[in-house]
Structure formats: C-alpha cells, structure tokens
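First comes the structure, then the notes that go with it.
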Amino acid sequence: MKRFDLLSFLHLGIYEFLPHWDWLSILGHAICDDEHPESLEVCVNVLGLFMPPELIDPSMISFYLDHFPGGSTIEMFAHFAQLSLVPGRFVKYDFGTAGNLEHYGQEEPPEYDLTKVTAPTVLFAGDSDSAAPVEDVDLLADVLPNLLDYQIVDYPGWTHASFALANNAGDLVFSEIIRFMEELD
C-alpha cells in the first residue's frame, strides 16, 4: 500500500485539517442572511454544490458558517486517503513499514475485524454521498453481524452534507433513528 505522508504537514506544525475560520462566520453574517437577499441567493447556490439546493433553509446558512468547517486531525483525513488506495478493505492507519512493525507487529496495517462490532446498528446512505458511497456502505452492511436495518435515504441527490443540513433530515433520517432507539429501549 502506498503511504499518505503527513510529515510535511506535521513538521510545519499543522495538525488540524479544515479548522474553523472566524472570517467565514463574519462573511456569513455579512452576506448570507435575510438582510442581504441578493447575496443570500449566491450563498444558497454555493451550498447547493454540496447538497440539493431545495433542501437548504436560507435562514440557517449564517448559523452553519458559524460552525463549518469544524476541522479534524490531519491523521484522520490521511487515513481516509489511505483507504482509497485499498478498495474493498478497511485497514488500520498505515504508519509505514517501521511504524507498522512498532504499532501492529507486522509490516502492513491489519484489517479491522468488523465481525466484532456487536452493537445493534442501523445504517443510512445517500445516493449522492461521495464521502460514503452506497457501494462502500453495502460492503459494511454485508459484514456487520448485528445490522438491524440499512436504508438508502428516499431522496434523489442525498449527499453527506444532507444528513446534517437538509431541512427534511428530521423526517427522512432522524425520526427513523429515534424509532429504532425507542424499539431497543
């Protein structure tokens, strides 16, 4: 497996990927609110690149920009990139040969044993989710031993962002999650 090298980021003291930027909040409140209808339409169109525009509540965009992006560690995104190099396999983080020997006692990172995930699980997928494509969720669904349900959200164009931002996520996803949680209680 090719290794996604982080040293260039870490040596520069960069440990977070896509951290929140204050200027984005300022910009969001300056042009993406009801007081600026002309520019608000531009904001809706930009967000519409990431999810179906008809699912966007324009009055919420400045709030979204107060929290987005939220950032994560460089290592998490590097692992995500590494996984794209080994399709069909879900392996642990690749530290390179020496690091893998130190962490795992072997030269290659081992696969996660998903058959050990015994918690009752419900999966949801979006037909246009490029971060978690249906094909990948299918692979996960096939190996989880306690899968209660697997649903592809019944809305054409549903993306990764739709799960958090769509104005109908409550009806299409969250209500189903609550229903399963109540059944398990």
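The values are calculated or read from the model by the stated rules, or taken from the named source; none is laboratory data. If you're wondering where the values come from, they're calculated on a predicted model, not measured in any experiment. Heads up, the Cβs are rebuilt from the backbone with ideal geometry, glycines too, and the neighbour counts pull from every protein chain shown.
D57 falls short of the stated requirement of being among the charged types (D, E, K, R) and either more than 22 Å from P156 (Cα to Cα) or touching a Lys or Arg at 6+ places or on another chain (Cβ under 6 Å) (or both). Of the residues making up region 169-182, those that are of a type in the set (D, E, K, R) and surrounded by 11 or more Cβ atoms within 10 Å (Cβ to Cβ) are D171, E176, R179. Picking from residues in region 70-80 that are out of contact with any strand residue (DSSP E or B) (no Cβ under 6 Å at 6 or more places or on another chain) and assigned to a helix (DSSP H, G or I), the one that is surrounded by the most Cβ atoms within 10 Å (Cβ to Cβ) is A78. Among residues of region 1-30 that are modelled with pLDDT of 80 or more, those with a Cβ under 6 angstrom from a residue that is part of a helix (DSSP H, G or I), sequence gap 6+ or separate chain, pair up as L24/L65; S25/L65; S25/D66; G28/S62; G28/L65; H29/S62. Give the residues of region 126-158 that are under 20 Å from A81 (Cα atoms), touching a helix residue (DSSP H, G or I) at 6+ places or on another chain (Cβ under 9 Å) and not acidic (D, E), sorted by residue number. Within region 126-158, S128, S130, A131, A132, L140 meet the criteria. Given the criteria modelled with pLDDT of 85 or more and either over 20 Å from the mean Cα position of the chain (by Cα) or assigned by TED's automatic domain parsing to the domain that holds A132 (or both), does I56 qualify? No, not satisfied. How many of the residues in region 81-90 are assigned to a loop (DSSP other than H, G, I, E, B) and more than 30 Å from R179 (Cα to Cα)? Residues flagged as assigned to a loop (DSSP other than H, G, I, E, B) and more than 30 Å from R179 (Cα to Cα) within region 81-90 amount to 6. Within region 62-69, can one find any residue that is surrounded by 15 or more Cβ atoms within 10 Å (Cβ to Cβ), in the same structural domain as C43 (by TED's automatic domain parsing) and not in a helix (DSSP H, G or I)? Scanning region 62-69, I find at least one residue that is surrounded by 15 or more Cβ atoms within 10 Å (Cβ to Cβ), in the same structural domain as C43 (by TED's automatic domain parsing) and not in a helix (DSSP H, G or I), so the answer is yes. Among the residues of region 18-45, the one identified as closer than 13 Å to F63 by Cα, among the charged types (D, E, K, R) and in a helix (DSSP H, G or I) is D22. The single residue among E183, E176 that is among the charged types (D, E, K, R) and closer than 22 Å to I56 by Cβ turns out to be E176.
Among residues of region 91-133 being in contact (Cβ under 8 Å) with a residue 24 or more places away in the chain, part of a loop (DSSP other than H, G, I, E, B) and within 16 Å of the chain's Cα centre (by Cα), the one that is surrounded by the fewest Cβ atoms within 10 Å (Cβ to Cβ) is S130.
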